[in-house]
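Asker: Here it is, the structure in full.
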């Protein structure tokens, strides 16, 4: 590699001030794919780990990268559903709440429950603004093709969120027309919640449009970590019950517990979110966002304390390339390096951690390897 270029202008400058070692790392680290030992792709990784106060505990790369969090926003969006009063008004249960947080496989149990949420609140599938698309799982698409099923909006992986949002809109007495639009009153409630969880002013949260047609927030990656830490912290606070807490804390704990109680409704068969939450047995939530964004909330433990956290922590990860396999390779590596989960959990996640690449003949031709240190 060529050495640095020197000129008089550069020589006249004072030497740069050394960066204190206590500052968070912005080192560039990767998950690498290779074939026969030849590097094919480098997937740059950004990680932020905070406690519920927003204190940064560990990081990789740009921990404040402005990140469209996509479906990792769903626990916060679900808070608007709970706070609307829709759960009690329409008899929605904890499984319905879990589906409202889902990016699901469109399995029969997911589609049936989304339809049930619509029916309970007096809404129809035609009210959904999300549109339909193929299942995340290829085998479901194959079955649909054999059965002549064309996926409509209720088959969308976001149909739980949209069905819940329609119920919330009715519960607050607003029109369901354009419920997904940024200016709608239910979306205004979500905007306040996003800022609250992130620890930002509302005008500091940026917005785009998600694949499911609803507004999606962008925030610094560390703020996503803080948001997930707050859900885990809420579960701890409510369980301890040793000090007064507000209704919002109770509602956030309810969402945390719904996700951990019904992990299969948050994603489904073969999916990291469901497998991770099931293995953690109520101690953590995990939620994927499109383009390889991920949020984890972990309840307080000796392991989080050892990292310097006060109670619960949040972990936010973004893969610059948007490669989901690289993301799922990195997540167990991070959990393992920080000793945050048991050996049994890591064994359950091993198929994601050790991800091989196969060709169309089924021959193994390469693998994903995490070259990260946190």
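Asker: Considering only the stretch 27-79, state which residues are farther than 30 Å from residue 365 by Cβ and assigned to a strand (DSSP E or B).
Answerer: Hits for the stretch 27-79 are 48, 49, 50, 51, 56, 57, 58, 59, 66, 67, 68.
Asker: I need the full set of residues from the stretch 300-324 which are under 17 Å from residue 288 (Cα atoms), surrounded by fewer than 22 Cβ atoms within 10 Å (Cβ to Cβ) and either modelled with pLDDT under 95 or in contact with a strand residue (DSSP E or B) (Cβ under 6 Å, 6 or more places away or on another chain) (or both), in order please.
Answerer: Within the stretch 300-324, 320, 321, 323 qualify.
Asker: Looking only at the stretch 198-216, filter to residues that are touching a strand residue (DSSP E or B) at 6+ places or on another chain (Cβ under 9 Å) and not in a strand (DSSP E or B); which one of those is farthest from residue 133 (Cα to Cα)?
Answerer: Going through the qualifying residues, I end up with 200.
Asker: Same structure again: So which residues in the stretch 112-137 are closer than 12 Å to residue 176 by Cα and in a loop (DSSP other than H, G, I, E, B), if there are any at all?
Answerer: Scanning the stretch 112-137 gives 121, 122, 123, 124, 128, 129.
Asker: OK, next. Please state which one of 176, 150 is over 21 Å from residue 101 (Cα atoms), part of a loop (DSSP other than H, G, I, E, B), in contact with a helix residue (DSSP H, G or I) (Cβ under 9 Å, 6 or more places away or on another chain) and in contact (Cβ under 8 Å) with a residue 12 or more places away in the chain.
Answerer: When all the criteria are applied, what remains is 150.
Asker: With the checklist (1) surrounded by 23 or more Cβ atoms within 10 Å (Cβ to Cβ); (2) touching a residue at least 60 places away in the same chain (Cβ under 8 Å) in hand, flag the one item residue 208 doesn't pass.
Answerer: Condition (1) is where residue 208 drops out.
Asker: Hey, could you check the stretch 239-269 for residues that are touching a helix residue (DSSP H, G or I) at 6+ places or on another chain (Cβ under 9 Å) and either on the phi > 0 side of the Ramachandran plot or at pLDDT below 95 (or both) and say which is surrounded by the fewest Cβ atoms within 10 Å (Cβ to Cβ)?
Answerer: Residue satisfying both the conditions and the ranking: 243.
Asker: Out of curiosity, is residue 223 part of a helix (DSSP H, G or I), touching a residue at least 60 places away in the same chain (Cβ under 8 Å) and surrounded by 14 or more Cβ atoms within 10 Å (Cβ to Cβ)?
Answerer: So residue 223 fits the description; yes.
Asker: Identify the single condition in (1) in a helix (DSSP H, G or I); (2) free of Cβ contacts under 8 Å to residues at least 60 places away in the same chain; (3) surrounded by fewer than 24 Cβ atoms within 10 Å (Cβ to Cβ) that residue 277 does not satisfy, given that it satisfies every other one.
Answerer: Only one criterion is unmet by residue 277, namely (3).
Asker: Turning to a different aspect of this structure: Are there any strands (runs of 3 or more DSSP E) wholly within the stretch 292-374 with 3 or more residues that are within 19 Å of residue 235 (Cα to Cα) and touching a residue at least 40 places away in the same chain (Cβ under 8 Å), and if so which?
Answerer: Details: elements: 293-298, 313-319, 356-358, 364-371.
So the answer is 293-298, 313-319.
Asker: Which numbered condition trips up residue 195, out of (1) free of Cβ contacts under 8 Å to residues at least 12 places away in the same chain; (2) more than 21 Å from residue 84 (Cβ to Cβ); (3) surrounded by 14 or more Cβ atoms within 10 Å (Cβ to Cβ)?
Answerer: (2)
The values are calculated or read from the model by the stated rules, or taken from the named source; none is laboratory data. Values in this document were obtained by computation on a predicted structure and should not be read as measured data. Backbone-built Cβ (ideal geometry, glycine too); neighbour counts: all protein chains shown.
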